[in-house]
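I have placed the structure first, in the form of structure tokens, so that the comments after it can refer back to it.
What follows draws every value from the coordinates through simple rules; no lab data is involved. Nothing here was measured: the structure is a model prediction, and the numbers come from that model. Neighbour counts are summed over all protein chains in view; Cβ atoms, including those assigned to glycine, are modelled from backbone coordinates with ideal geometry.
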Amino acid sequence: MNMLRGAPDPRDEILSVLPAMRAFALSLARNASVADDLVQDTIVKAWKSFDSYEAGTNLQAWLFTILRNTYYSDLRKSVRERSHAEAYIARADTDGPGNDGHIAVLDFEKAFASLPDEQREALVLVGASGMSYQDAAITCGVAVGTIKSRINRGRKRLADQLGRTGDGNPA
Amino acid sequence: MVRQTHNSQVERDIDENLRRVYRTIVEQEVPDRFMQLLEKLRRHGHGTGT
């Protein structure tokens, strides 16, 4: 019930951020159903705390912040992260490594899933969702330099793991 | 030099894969459960919880 005329209700904008929230949640949780539960919890929490949202600021960054806080708080409450990561990696393991010089899809997903949470989220926020370093830093509650270094470390680690894939030509 | 070329190819592949994985999800239709949730929250009014 949006009674205020003129000012758009930011709650109406949630739907437009939802696809991005699902993608971000999956990159954190690495399990589709856990990810959607995470998105659901995030929406409910956000709905209750919209008073703390500053109109005109980046709604996606605000929602992503709630989402990742929810993820890390859930993580502390349970040991499910480990089992999900292991299930994911075990599934990816059933496919052999690619050898055509390009990164096979499963090789990438397996390597990505094995990165530390902080590197995965930094890579997804900036490298995939197109968020600025600044907004990613706000979302994660760290300095811009920290985001940059997490991205660099994540990239290097992925490259180290995936670089082996194309080693038909020894360097 | 060969190593360098190889690494930059890998980096490009990493970026492409990141975007591809992300896009795959973003382009999916939003599941009904979320439409229903938003509808339910709207019905219950703002800021008062569920």
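By the count of other C-beta atoms within 10 Å, a proxy for reagent exposure, A:Phe112, A:Phe24, A:Phe64 are ordered fewest to most as A:Phe112, A:Phe64, A:Phe24. Each Lys or Arg adds one and each Asp or Glu takes one away; over the other residues whose Cβ falls under 12 Å from the Cβ of A:Gly154, this sums to +1. Backbone N atoms of region A:25-64 closer than 16 Å to the 7 Å Cα→Cβ label point of A:Val144 are not found in any residue. Using a cut-off of 20 Å between alpha-carbon atoms, which lysines can reach A:Lys148, once sequence neighbours fewer than 8 places away in the same chain are excluded? Filter leaves A:Lys156.
Spin-label pair A:Ser52-B:Glu16: with each label point 7 Å from Cα along the Cα-Cβ axis, the two points sit 4.2 nm from one another.
Which net charge results when you count Lys and Arg as +1 and Asp and Glu as -1 among the other residues whose beta-carbon is under 15 Å from that of A:Arg22?
Surrounding charge for A:Arg22 is -3.
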